[in-house]
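Single-structure report; data block below.
The values are calculated or read from the model by the stated rules, or taken from the named source; none is laboratory data. No experiment lies behind these values; they were computed from the predicted model shown. Note: ideal-geometry Cβ built from the backbone for every residue, glycine included; neighbour counts use all protein chains shown. The accessibility values were calculated without ligands, DNA or RNA, using every heavy atom of the protein model including side chains. Shrake-Rupley method; radii C 1.70, N 1.55, O 1.52, S 1.80 Å.
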Amino acid sequence: DLCHREKEFSDLMAGIRIKLLKTFDIEEEYTSVLVSGSGTAALEMAVSSSLSPGRSMLVIQNGVYGERIGKICDVYKLNRRTIELEWGKPPGLEDIENQLKQNPDIEVVALVHHETTTGLLNPLKKVGELARRYKKIFLVDCISSLAGDEIDFKSCPIDIAVGTANKCIQGFPGVSFVLFRKMDLERLNKIPERTLYFNL
């Protein structure tokens, strides 16, 4: 047992953060944050911390886990726009682009990569490229796909990725994480704190 106030614990945590970045070959552009909790805890951390006041999040829902992102937005009273689809139906890129064109208040596009409700893999790269073209932050729930399905962070413009130890990484449950671009730190620091423990 290591006390969380001891140097050994800090060294262990720092090592895990570095190894996460090295695992996905993203240590130059990204940083990592660990949270004691489930994947949902890390997702709540990412969603609640990523949206600037007065802006909105475009949430793509085609299963339980997409709906969970919407619920987190509602709990924190965040403005959201929603593309709601039947479970198992992939989103239409034209529908997403229309939302981005018609609603300049959108700041973040949120998508579940592997929607385990039905086993659907959403079109990660294509949605990310749309978000990048319209200069939006791309937030991805990778909880059940990271290290299981191929995600190339260099070719897929993910800004914020949420994962957990106990899915495809096959570690012990109880530690989850958020990976995000270092260049986004300045923007994140300007967002008012909405929560104490889950403040990214």
Worksheet entry | Odd one out for residue 131 among (1) open to solvent by less than 40 Å² (accessible area, probe 1.4 Å); (2) free of Cβ contacts under 8 Å to residues at least 60 places away in the same chain; (3) under 27 Å from residue 89 (Cα atoms); (4) not in a helix (DSSP H, G or I) | (4)
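Here is a yes/no grid of residues against (1) under 12 Å from the mean Cα position of the chain (by Cα); (2) assigned to a loop (DSSP other than H, G, I, E, B); (3) of a type in the set (Val, Ile, Thr); (4) surrounded by 15 or more Cβ atoms within 10 Å (Cβ to Cβ):
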site	(1), (2), (3), (4)
111	yes, no, no, yes
135	no, yes, no, no
143	yes, yes, yes, yes
155	no, yes, no, no
172	no, yes, no, no
176	yes, no, no, yes
179	yes, no, no, yes
198	no, yes, no, yes
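Give the residue, chosen from 94, 115, 193, that is surrounded by fewer than 16 Cβ atoms within 10 Å (Cβ to Cβ), charged (D, E, K, R), without any contact (Cβ under 8 Å) to a residue 60 or more places away in the chain and farther than 15 Å from residue 50 by Cβ.
Only one candidate passes the filter, namely 94.
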Worksheet, complete the sentence: Of those in segment 70-91 that are in a loop (DSSP other than H, G, I, E, B) and touching a strand residue (DSSP E or B) at 6+ places or on another chain (Cβ under 7 Å), the residue surrounded by the fewest Cβ atoms within 10 Å (Cβ to Cβ) is 88
Worksheet item: Quick check: anything in segment 159-167 assigned to a strand (DSSP E or B), in contact with a strand residue (DSSP E or B) (Cβ under 7 Å, 6 or more places away or on another chain), surrounded by 16 or more Cβ atoms within 10 Å (Cβ to Cβ) and acidic (Asp, Glu)?
Response: no
Worksheet item: Of these, 34, 2, which one is at pLDDT below 95 and either touching a helix residue (DSSP H, G or I) at 6+ places or on another chain (Cβ under 9 Å) or among the aromatic types (Phe, Trp, Tyr) (or both)?
Response: 2
Fill in: Residues of segment 46-69 satisfying the condition of being outside any loop (DSSP other than H, G, I, E, B), more than 13 Å from residue 162 (Cα to Cα) and of a type in the set (S, T, N, Q)
56, 61
Practice prompt. Return yes when residue 52 is polar (S, T, N, Q), open to solvent by 10 Å² or more (accessible area, probe 1.4 Å), farther than 16 Å from residue 113 by Cβ and modelled with pLDDT under 95 and no when it is not.
Written response: no
